[in-house]
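Engineer: My questions all concern the structure below.
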Amino acid sequence: MNNTKIWLSSPHMGGSEQKFVKEAFDANWVAPLGPNVNGLETDLENYLGNSAHVGALSSGTAAIHLGLILLGVQAGDEVICQSMTFSASANPILYLGATPVFIDSEDETWNICPIALEEAIIDRIAKGKKPKAIIAVHLYGVPYKIEAVKAISEKHGIPVLEDSAEALGSSYKGQKCGTFGDIGVLSFNGNKIITTSGGGAIVTKSKELKDRAVFFATQSRDNAPHYQHSEIGYNYRMSNICAGIGRGQMQVLDDHVALRRSMNDFYVALFKDIPSVTVFISPNEDYYANYWLSAIVIEPNKALGIDRESLRLAFEDVNIESRPLWKPMHLQPVFAKYPYYGTKVAENLFDNGLCLPSGSNLTDEDRERIANAVTSFFGVKK
Ligand SMILES: *Cc1c(COP(=O)(O)O)cnc(C)c1O
C-alpha cells in the first residue's frame, strides 16, 4: 500500500473549472470583476434559495469584516462571538476597534450555547452596553441551534452574523445554511467544501445590502467620473479567475456534500465498537450537516495510553493528517483578556476532540489505511 499523505481536507476539482478560467483568459476578463463573478453569485443565489443575495469577495474573513460594518459595528462597540471557532470569526471585530465577548458551546452541536448567550447579553446590558451583533458559527458544517439563537436575537434586538464558512450545503429543516442570519458568510478557501483557491461571499436579505457590500469591497467609489470617496473602502472583491474555479465547483457541490457525509458514515461504522470514541453527528434529522470535517471525541484513559494526542501521533506515524478541534478563542493568547461567558464545554471538546481526514476525494485505499491505523491503535487498548 502506498504511503502518500492523507490530508484532512484538500481541494477537489470537478472538471469544468478550467473551462471557466479559460473563458476568462480568452475574453481578457483577468480582473476582480467579470462574467464569472456575476455567474458565481447567481449560482450561489439559486443554490441557497430563500431570496438570498450574494456578493463574491476575496475571502470569508473579508465577508465577516464587511458584514459587521453593514450591521453598524464601530470602534468601542461590543460584539458577541462563539468562542469555539476559527480565529477568522473574531479577528474582524478587532479590525473595527470593537470588543469581542466570547460564548461557550453547547454539547449537541458544539456551537454557541443559547443559555450562555442570553446570560451574556443580560450581563453586558446591565454593565452599560448592549452588544451590537452576535456571530454564530456552524462548526464543521453542523448547524447551530437556529431557533434558540434567533429567538434571543429577536427578543433583545441584536442581529446575527451567521458564519457559514464551513457549512455551504448544510441545512436546517430544509433551509440552507447561510440564509438564517441577518447577514451570512461563506468561504471558498482551499480547505473548504468547495474552493476558489481563496475566496468568500457575503449573503444578504436585500439587493441594496449586497450592493452596499460590493461598494465597500471596491474601495467605496462614489458615482463620479473621477475617483471620489465619501467613505472608507476596501479591496475585497473576488477575482474573475477565482470565480471561474468557483463556477466549476458549484457543479459538484452536492456530490461533494454526499461524499463528505459518506466519510462521516465511514467513521461512525469504524468507531462503533470502540467505546472510548464518539463520532460527532448532528442531533437529529432537522440538522442536515455537510460534515465538512468529521470529528471525534476521545475519552482519555491514562492506563491504556489513550488520548487525542496519542491517536494524533499514531496517525502522523503513518502519514495521515488529523488535527485537534478549534482551540476556543477565550483560551487564545491574543483574545484572553476579553470577557467570556460559559463553563468548560468548548474547553473539554478542545482537550479531547480530533478532526479526521474528511475530503470528498479520499479513496477506498485511503479509508483502508485510516481503518488500519485505528485498528492497530485501539486493537490492543480497548
Ligand atoms: C475558513 C473560515 C473562515 C474564514 O474564511 P477565509 O475564506 O479563509 O477567510 C471564517 N470562519 C470559519 C468558521 C472558518 O472555518
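Engineer: Take Ser197 and Thr343, extend 7 Å from each Cα along the Cα→Cβ direction, and tell me the distance between the two endpoints in nm.
Structural biologist: 4.8 nm
Engineer: Can I ask one more? Pull out the extension gain between Ser87 and Glu208, defined as 0.36 nm times the separation in residues minus the alpha carbon to alpha carbon distance; nm, one decimal.
Structural biologist: Numbers: separation 121, 0.36 × 121 = 43.56 nm, distance 2.91 nm.
Fully extending the segment from Ser87 to Glu208 adds 40.7 nm.
Engineer: Which of Ala289, Ser310, His330 sits closest to the plus end of the dipole of region 254-381, meaning its Cα is farthest towards the positive end, when Lys and Arg get +1 and Asp and Glu get -1 on the C-beta?
Structural biologist: Most positive-ward Cα: His330.
Engineer: If one computes the Cα centroid of region 247-274 and of region 147-219, what distance in Å separates the two points?
Structural biologist: Value for the Cα centre distance between the two parts: 23 Å.
Engineer: Keeping the other protein chains in place, figure out the carbon and sulfur percent of the accessible area of region 17-252, with a 1.4 Å probe. Each step should come with its number before you reach the end.
Structural biologist: Numbers: 4600 of 8790 Å².
Whole-percent figure for carbon plus sulfur exposure: 52.
Engineer: Taking a quarter of the surface of the Cα convex hull of region 254-381, what do you get in nm²? Could you put the intermediate results ahead of the total?
Structural biologist: Working: hull surface 39.1 nm².
Taking the Cα atoms of region 254-381, their convex hull projects to 9.8 nm² on average.
Engineer: Given just the C-alpha atoms of region 14-99, how large is their convex hull per residue in cubic angstrom? Walk me through the intermediate numbers first.
Structural biologist: Values: hull volume 12.0 nm³, N = 86.
It is 139 Å³ per residue.
Engineer: So, one more: With each pseudo-label sitting 7 Å past Cα toward Cβ, what's the Glu108-Ala303 distance in nm, one decimal?
Structural biologist: 3.5 nm
Engineer: What percent of all Cα-Cα pairs in region 135-206 falls in each 5 Å bin, counting up from 0?
Structural biologist: 4, 18, 28, 25, 15, 7, 3, 1
Engineer: Moving to a separate point now. Could you work out how much longer the chain between Asn223 and Asn2 gets when fully extended? Use 0.36 nm per residue separation minus the Cα distance between them, nm to one decimal.
Structural biologist: Using 0.36 nm per residue and subtracting the Cα-Cα distance, I get 73.7 nm.
Engineer: Further question on the same structure: Taking 25 Å as R0, compute the FRET efficiency from the Cβ-Cβ separation of Ile125 and Leu331 and round it to 0.05.
Structural biologist: On the way: r = 26 Å, r/R0 = 1.03.
That pair, Ile125 with Leu331, gives E of 0.45.
Engineer: Just to confirm, what accessible area per residue do you get for region 254-381 at 1.4 Å probe, in whole Å²? Don't jump to the answer; show the numbers that get you there.
Structural biologist: Values: 6050 Å² over 128 residues.
With the other protein chains kept in place, region 254-381 gives 47 Å² per residue.
Engineer: Quick one: which of Lys155/Lys176; Lys145/Lys344; Lys192/Lys337 span more than 21 angstrom between C-alpha atoms?
Structural biologist: Checking Cα-Cα distances, Lys155/Lys176; Lys192/Lys337 exceed 21 Å.
Engineer: Over the Cα atoms of region 17-252, what radius of gyration and what Dmax do you get, in Å?
Structural biologist: 17.7, 60
Engineer: Also: Pop out the ³J(HN,Hα) list for region 248-258 in order, Karplus 6.51 cos²θ - 1.76 cosθ + 1.60 with θ = phi - 60°, rounded to Hz; leave Gly and Pro as x.
Structural biologist: Working through the residues one at a time gives x, 5, 4, 5, 10, 4, 5, 4, 5, 4, 4 Hz.
Engineer: 222 nm [θ] for the chain, helices only, -39500 (n - 2.57) per DSSP H run of 4+, per residue, to 500? All intermediate terms of the calculation are to be shown ahead of the outcome.
Structural biologist: Working: 12 runs with 138 residues, N = 382.
Mean residue ellipticity, 222 nm, calculated: -11000 deg cm²/dmol.
Engineer: Pull out a ≥ b ≥ c, the square roots of the eigenvalues of the alpha-carbon gyration tensor of region 62-194, then state rounded if a/c is under 1.5, prolate if not and a/b is larger than b/c, and oblate in the remaining case. Don't skip to the answer; put the middle values down first.
Structural biologist: Values: a/c = 1.76, a/b = 1.28, b/c = 1.38.
The shape class here is oblate.
Engineer: Once neighbouring chains are kept in place and the probe is 1.4 Å, which whole percent of the accessible area of region 254-381 is contributed by carbon and sulfur? Numbers along the way, then the final one.
Structural biologist: Details: 3140 of 6050 Å².
C and S fraction of accessible area: 52 percent.
Engineer: Provide the per residue accessible area, probe 1.4 Å, for region 17-252, rounded to a whole number of square angstrom. Don't jump to the answer; show the numbers that get you there.
Structural biologist: Working: 8790 Å² over 236 residues.
Per residue, region 17-252 has 37 Å² of solvent-accessible surface.
Engineer: So, one more: Please list, in order, the residues from region 209-246 whose amide nitrogen is less than 19 Å from a point placed 7 Å along the Cα→Cβ vector of Asn361.
Structural biologist: 242-246
Engineer: How do 52-62, 219-229, 85-95 rank on mean C-beta neighbours within 10 Å, highest first?
Structural biologist: In decreasing order of mean packing, 52-62, 219-229, 85-95 become 52-62, 85-95, 219-229.
Engineer: Quick check: residue separation of Lys272 and Glu147 times 0.36 nm, minus the Cα distance between them. What number comes out in nm?
Structural biologist: Here the segment from Lys272 to Glu147 would lengthen by 41.9 nm.
The values are calculated or read from the model by the stated rules, or taken from the named source; none is laboratory data. On a predicted model such as this, the values are computed, not experimentally measured, just so you know. Cβ: placed from backbone, ideal geometry, glycine included. Neighbour counts: every protein chain shown. Each accessible area value is taken on the protein alone, full model and side chains, heavy atoms only, with ligands, DNA and RNA left out. Shrake-Rupley method; radii C 1.70, N 1.55, O 1.52, S 1.80 Å.
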